[in-house]
């Protein structure tokens, strides 16, 4: 039994010792795998945009492509100043896009660094290679220049003119988010165009199609990758050089101009002449571009400014040439000798001078010597609807409104002679329909059917007469001596204007006679002569559009001379020194001539055509026109 | 089965206590080679090998390993004996690769404690020798662990290791034949030839017991052993 017990103990111990037995794995044999080279093989990395220094102004996409051959691409890392860029997008297994958001990276202007790491397999076949632990690591450092303000300074510079065209330029925007420039132009109304520029360093463009005179609007758009853009524009034109105009002694006109600097794109020269009223207009199309001279078809007239306008009609413009808006190319010319321009004028007797006014400045100008006196300037009164200044028949006084009062000055030395309230204003409303001054300082006014006469010397109102409603007073001309007055009134019943000539007897008017058909055309002569001549000239219709000019005695209204004027000619200016009247054709189509009629002999001669609506003064055989020209009429007789 | 087995054991114990003869107790120890197929675990090695990105080699693959055991029997009736039996089995495999860059291994370790009852009947019973048929049955208590290790570079530049543990139970039924030759009283030598059937195995994954373990060790196969009986 003891033996059995010992056996049991031995058996149990044996079995417990077995419990520690366990499988022991064998040693793993070493595989002979060649170590990869320490020097990584070349791979091809393509970064876009292609910039040695990545220039950033705004949120930017970067494209990264890699060719690793048979080696597997494990990973790409982008770090901006050692901070990883999370926005990395796979385009394909070898191409990626990274987004650099300048709004969030908040980098200051200046240089930074973008580090790109590429990890590939070694293809050694080892365990580490196959498990991706053994890798080749390629690191690229890309210098980055950040300037967030670059796109805010994008403007189109002023166009510059060079021999080969118009050069447009703008700040170079060589940054990574650049997409393209789009330069467009609009040459309203005939042409527009656009060029797209994909090179960020091309920051200028030469417009070789521009032709002088054309108004052009250039617009530059800077488009970024994405939807954002910047835009600026500039309006531009080169004025056409004004043509030279030569007015010949026979009144013919020669025009000469220069070639366009870009004549290859000029279709033709277009020349049109704008003329004063009653003048002949004409236009010309010059298709032979070698021809740069033109003689106008018609001779010009006197009394207004002519304008010749040269246009370079560009190729492609197929509308009416006169509708093409162009800059420059305009020259003004007129017939006659140059004299001062004026808006109102009167003859100063005995001084060979004219009292001229232009824009509120009055001065005397001697038409024989060309000398001008000192001037006096007056501010214009509100709402005055009569000429700025009014002169007496002999030119010894002139007057004007200033601060609602009528001021009289002596023409001799432009000195102040007096001022008075001529009841011209009702509040701010100007009532005066007409006003005249006598040589002795009486002022006649017409206002709301009242005739009033004031004495500048005493400042008193000498006469006030209300005319019944069957006549509407339009004009009142007081005689040089202040003893007579010619009133033009519209008769409602007669349906025509009537001149009522009266003598002034105290505060009463004594009618001396009447003339019907007065003042039907603007500028028709109704005027007193200087006092020494004692004449009063009135022109009126004898028949419709057929004038009679009468010279009467200004004291008695006795008819002294009368002449008839051909139909549609209007007597517009009278020379008391030679007793001649000039009649202007005032209908359409215009006539080539005017008439000069001697009131004494009744002889009528054709003279140069009078045109325009400029004020005219006729004395000593010379006609002065407000456009600053004068002619001696005898030099312009046509017969 | 339970309803029959329990009354049988009670009756048997009563009988033994009443007729106990210490000379009828036999003790034995034995050791031998087991030829368990472990096909499931081998297939795991194959699948693992396929999934790995590098070439590997199956170095050990559950080759036959020595097992040890012991038993005691009591001759309850003439030529019929029974008693408890214990066997300890273990095996394993290794899948691995090694080169200049590092080493990889996937090891499986299995071990089982088989505890059961041994029923034997002597067909030939002579003073010097005997020929016995046996039926062993009992439970297999198994531990199975895997160890996956990847080590790259010197000094563990990169080291990754995963260990997984499983435990399981199954029933075994092992018919056997045994030849005994008495050398010197009371010591006999014997040789044993057996075949195990592994039944109704149930395994769990220790880290996640809800996991359904579809492949597991199987302790079925031929066993050849020799031993000493006292």
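Of all the numbered requirements in (1) without any contact (Cβ under 8 Å) to a residue 24 or more places away in the chain; (2) part of a strand (DSSP E or B); (3) within 30 Å of residue A:570 (Cα to Cα), residue A:283 misses one, and that requirement is (1). Being surrounded by 16 or more Cβ atoms within 10 Å (Cβ to Cβ), within 14 Å of chain B (Cβ to nearest Cβ), closer than 30 Å to residue B:56 by Cβ and in contact with a helix residue (DSSP H, G or I) (Cβ under 7 Å, 6 or more places away or on another chain) holds for only one residue in A:126, A:121, and it is A:121.
Against the test of being surrounded by fewer than 15 Cβ atoms within 10 Å (Cβ to Cβ) and on the phi < 0 side of the Ramachandran plot, the options A:207, A:199 yield a single qualifying residue, A:199.
Checking each residue in the stretch A:13-45 for being at pLDDT below 85 and more than 8 Å from chain B (Cβ to nearest Cβ) picks out A:13, A:16, A:17, A:20. Residues of the stretch B:139-156 that are more than 18 Å from residue A:30 (Cβ to Cβ), within 11 Å of chain A (Cβ to nearest Cβ) and more than 13 Å from the chain's Cα centre (by Cα): B:145, B:147. Could you grab me the full set of residues in the stretch B:83-109 that are touching a residue at least 40 places away in the same chain (Cβ under 8 Å), over 10 Å from the mean Cα position of the chain (by Cα) and more than 7 Å from chain A (Cβ to nearest Cβ)? Answer for the stretch B:83-109, where residues must be touching a residue at least 40 places away in the same chain (Cβ under 8 Å), over 10 Å from the mean Cα position of the chain (by Cα) and more than 7 Å from chain A (Cβ to nearest Cβ): B:83, B:85, B:93, B:95, B:106, B:108. For residue A:326, the stated conditions do not hold, so it cannot be described as outside the structural domain of residue A:193 (by TED's automatic domain parsing) and either in contact with a helix residue (DSSP H, G or I) (Cβ under 9 Å, 6 or more places away or on another chain) or surrounded by fewer than 20 Cβ atoms within 10 Å (Cβ to Cβ) (or both).
Select, from A:371, A:423, A:402, the only residue that is out of contact with any helix residue (DSSP H, G or I) (no Cβ under 9 Å at 6 or more places or on another chain) and either outside the structural domain of residue A:501 (by TED's automatic domain parsing) or free of Cβ contacts under 8 Å to residues at least 24 places away in the same chain (or both). Break it down stepwise before answering.
On the way: A:423 fails: either outside the structural domain of residue A:501 (by TED's automatic domain parsing) or free of Cβ contacts under 8 Å to residues at least 24 places away in the same chain (or both); A:402 fails: either outside the structural domain of residue A:501 (by TED's automatic domain parsing) or free of Cβ contacts under 8 Å to residues at least 24 places away in the same chain (or both).
Sole residue among the options that is out of contact with any helix residue (DSSP H, G or I) (no Cβ under 9 Å at 6 or more places or on another chain) and either outside the structural domain of residue A:501 (by TED's automatic domain parsing) or free of Cβ contacts under 8 Å to residues at least 24 places away in the same chain (or both): A:371.
When residue B:200 is tested against (1) within 15 Å of residue B:172 (Cβ to Cβ); (2) crowded, with 19+ Cβ neighbours inside 10 Å, exactly one condition is not met: (2). Applying the criterion of at least 3 residues that are modelled with pLDDT of 85 or more to the strands (runs of 3 or more DSSP E) found wholly in the stretch A:53-109 leaves A:54-56, A:60-67, A:73-80. Here's a check for you: in the stretch A:230-256, which residue that is part of a loop (DSSP other than H, G, I, E, B) and in contact (Cβ under 8 Å) with a residue 60 or more places away in the chain is surrounded by the fewest Cβ atoms within 10 Å (Cβ to Cβ)? That would be A:239.
Given the structure, is residue A:313 in a loop (DSSP other than H, G, I, E, B) and crowded, with 21+ Cβ neighbours inside 10 Å? When the stated conditions are applied, residue A:313 does not pass them. Suppose the filter is surrounded by fewer than 22 Cβ atoms within 10 Å (Cβ to Cβ), on the phi < 0 side of the Ramachandran plot and facing chain A (nearest Cβ under 8 Å); does residue B:54 pass it? Criteria met by residue B:54. Is it true that some residue in the stretch A:584-604 is in a strand (DSSP E or B), more than 25 Å from residue A:333 (Cα to Cα) and either assigned by TED's automatic domain parsing to the domain that holds residue A:274 or free of Cβ contacts under 8 Å to residues at least 40 places away in the same chain (or both)? Yes, the conditions are met somewhere in the stretch A:584-604.
Residue-wise test of (1) in a strand (DSSP E or B); (2) over 50 Å from the mean Cα position of the chain (by Cα).
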| position | (1), (2) |
| --- | --- |
| A:444 | yes, no |
| A:453 | yes, no |
| A:458 | no, yes |
| A:473 | yes, no |
| A:486 | yes, no |
| A:509 | yes, yes |
| A:523 | no, no |
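The values are calculated or read from the model by the stated rules, or taken from the named source; none is laboratory data. What you see is a predicted model; the values in this text were computed from it and never measured. Counting neighbours? That spans all protein chains shown, and the Cβs are built from the backbone with ideal geometry, glycine included.
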